[in-house]
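This report refers to the structure that appears directly beneath it.
Taken together, the values in this text are just the output of simple stated rules run on the coordinates, not laboratory data. Quantities reported herein were computed from a predicted structural model and do not represent experimental measurements. Cβ coordinates were reconstructed from backbone atoms using ideal geometry, including for glycine residues, and neighbour counts include every protein chain displayed.
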Amino acid sequence: MMNNLIILPIIIPIIAGMLMVIGRNMLIFHRLLSLVANISVGLVSVLLIEQIRVDEIQVLNLGGWQAPFGITLVADMFAVMLVLVTAIVTSCCLCYAFSSIGIERERHYFYPLVLFMIAGVNGAFLTGDIFNLFVCFEVMLVASYVLISLGGTRIQLRESIKYILINMISSFFFLAAIAFLYGMTGTLNMAHLSILVAEIGEGGLMTAVAFLFLIVFSLKAGLLLFYWLPGSYSAPPPAIAAIFAALLTKVGVYAIIRVFSLIFYHEPSVTHQFIGILAAITMVLGAMGAIAYGDIKRILTYNVLIGIGFILAGFASFSPAGMSGTVYYLIHDMITKALLFLLGGTIIYLTGTGKLKEMSGLIRLHPQLGWMFFIAALSLAGLPPLSGFIGKIFITRGTFHAGYFWLGGIGLLSSLMVLYSMLKIFMNVFWGYTNFTEETEKGTTKGLLLPIGMLTALTFTLGLGAEGIHEYVDMAVMGLMDPSLYIDAVRGGNPW
C-alpha cells in the first residue's frame, strides 16, 4: 500500500536543518525548530504504526517507479517503532543540550547537524534498498564526524581522527560488499535480493559476501570490532555522547537484523551461529571493561557493548521468544543508554571529574539525580519491573530454546557484571561522606533534570506497560521471521 507519510521522518529533519543554516545566530529559533521537527517525526511515526497495525506493511515507491527498479521506502512495524523511539530519545537529548551544550557549539550548527544525522538514522530504518542503506549511513556518519569534533578540544580531535578513519574503512568494505552482491544478483532492492539469494543459494561466494556485510555492520555497531568506540563515545559533550550511544550503534544492529533476517537467512547454522559467537565475545569483553575501569565515561561506554551483544544474542537464536526479546531490549537499550549518558554527563558537569575515587556523597546535595541513576542502573541490569526485565527474560528463553545454553548463560553473567559496574558508580559517587558543597560544585542541574526525569519515567512505563506494546512487538517479530510479508508488500502484486 502506497503511503506518502513514510518519507516525512527523513525530509522533516532535512528541511528543518536547512532552514536553521540560513540563520546562524537565531539560537532560540534553532532550539524551537529542532524540538518541533523531532516531535513532528514522532507524531508521524505514531500515525504510521497505527496504519501498519490495521493495513500491514506500508510502502512508497519514489517517483512512481515500481520496485525493484526505483527507490523504495518500506515502513514495517520494526522500523517505525525504532523511528518513534529515535524521535523520543533525540527530543530529550536536545532539551538537555539547551542548558549544557554551550553557545559556541550552538552557533556552529549543532542543531542542524543533529537533525541531518537523525535524517540519516531514519532513512536507514526505512529504506528498502541496500545501496540507499549505504547512502543513509553516510549521511548519518558525515554529520556525526562534525558533532564528535565540535568544540575542538584535544581529546575530541584525537578521537575523531580514529572514529573517522575506522568508519571510512568500513564504508569502503560496505561499498565493495554491495558491488559483489549486485554483480551476483543484478538488483539492489532488498525484497528482490531476498528472492534471488534464495534461488541462487548461499554457496561459497554468497556466504563470503554475507560475512563481508557482517564485518561492515559489526564495525558500525561495535560488535566485537569495537576498538574505536570507548574513546570516541567518551570525547564529546554529554548530549552528543547520549545520542551516539542511543542511536548510532543501534543503526548497525538494525542493519544486521534486517539483512540477516531478510536476505541471508537461509543458512542460520552458519551466519546466525557466528553472530551468536560474536555477541558472546562482545558481552564478555564489554563486561571486563565495565568492571575494570574507575572512570564513569569508560564504564558507560563498555556497557554500550554489553547491550549490543545481548540484543544480538536474541537475534542469533532466531526463535520467536528470542526475537521478541531483541525488539523489547533494543527499544529499552536506546532509552536507557541515552538516560545513563545524560546522568553520567551531569555528574561530571557538577564535580568536574569522571574518576570515581575523586567524588562521593553527591546524593546529599542532589537526591533526585542519585535516585534516578539508581533506577537507570537497575533497569540496565534487567531487574523488574523496569524496562530491561522483559527483554532479558525473552532473550534468555529464546537462546535456551534454540539450544544456545552457553549464549544465554553468558548473557545472564554479563547482566550481573552490568549491575556490579552500575552499583560501583552509584556507591562511589552518591554514597558516603560528601566532599562537595554548593559553592565548590563546577556546575548546576538547572534545566538538566527534566529530560533525565522524562527518560527515567519512560523506563518505568515500558516495564510496567510492556503488555500495552506487546501487540506491536509481535507484529514486528512476525515481519522479521517471515520475509514473505515484507516481499509481498514491496512487490504489490507485480511479477518479478
P(r), alpha carbons of the range 214-296 - 10 Å bins starting at zero, rounded %: 16, 45, 29, 9, 1
Would you kindly calculate the mean projected area, averaged across all directions, of the convex hull enclosing the Cα atoms of the range 151-277, in square nanometres? 8.1 nm²
Compute the distance in nm between two label points, each set 7 Å from the Cα along the Cα-to-Cβ direction, one at W431 and one at F211. 4.7 nm
So for the chain, averaging the separation of alpha carbon pairs under 8 Å that are six or more residues apart and normalising by length, what relative contact order in percent results? 17 percent
Derived scalar couplings ³J(HN,Hα) [the range 93-108; Karplus, 6.51 cos²θ - 1.76 cosθ + 1.60; whole Hz; x for Gly, Pro]: 5, 5, 4, 5, 5, 3, 9, 10, 6, x, 5, 4, 5, 4, 5, 8
Proximal aspartates and glutamates to K357, defined as alpha-carbon separation beneath 20 angstrom and excluding residues fewer than eight positions away on the same chain: D295, E438, E441
Partner lysines whose C-alpha sits under 22 Å from that of K392, ignoring same-chain residues fewer than 8 away, are K250, K337, K424
Can you give the Rg to Rh ratio for the range 29-137, taking only C-alpha atoms and Rh from Kirkwood? 1.04
Starting from the Cα of I200, move 7 Å in the Cα-to-Cβ direction to define the label point; list residues of the range 450-494 whose amide nitrogen is under 16 Å from there. none
Say each of T444 and F180 gets a label point 7 Å from the Cα, pointing the same way as Cα to Cβ; how far apart are those two points in nm? 5.7 nm
Rh (Kirkwood; distinct C-alpha pairs) - the range 364-439, Å: 14.0 Å
Using a basic spin-label model with each label point 7 Å from the Cα along Cα→Cβ, how many nm lie between M288 and L5? 4.8 nm
Within 10 Å of each residue's Cβ, count the other Cβ atoms and sort R158, R397, R258 from fewest upward. R158, R397, R258
Between E104 and K355, what is 0.36 nm times their sequence separation minus the Cα-Cα distance? Round to one decimal in nm. 87.7 nm
Segment N25-L157, extension gain: residue separation times 0.36 nm, minus the distance between their alpha carbons: 45.0 nm
Exposure proxy check: L247, L8 ranked by fewest other beta carbons within 10 Å? L8, L247
Can you divide the C-alpha Rg of the range 267-482 by 2.2 N^0.38 Å and report the result to two decimal places? 1.07
For the range 8-15, Karplus couplings with θ = phi - 60° (6.51, -1.76, 1.60), whole Hz, Gly/Pro x: 4, x, 8, 7, 4, x, 5, 5
Computed over the Cα atoms of the range 138-198, what is the ratio Rg over Rh, Rh following Kirkwood? 1.22
Fewest first, what order do T444, T326, T459, T185 take by the number of other Cβ atoms within 10 Å? T444, T185, T459, T326
Distance from the range 189-214 to the range 468-484 (C-alpha centre basis), Å: 23 Å
Per principal axis, largest first, the Cα atoms of the chain extend in Å by 72, 55, 42
Helical contribution to [θ] at 222 nm, DSSP H n ≥ 4, -39,500 (n - 2.57), averaged over the chain, rounded to 500: -25000 deg cm²/dmol
Take the alpha-carbon centre of the range 165-186, take the same for the range 402-429, and report the distance between them in whole Å. 35 Å
Once phi is turned into ³J(HN,Hα) by the Karplus curve 6.51 cos²θ - 1.76 cosθ + 1.60 with θ = phi - 60°, what whole-Hz value does each residue of the range 400-406 show in order, with x for glycine and proline? 5, 5, 7, x, 8, 5, 4
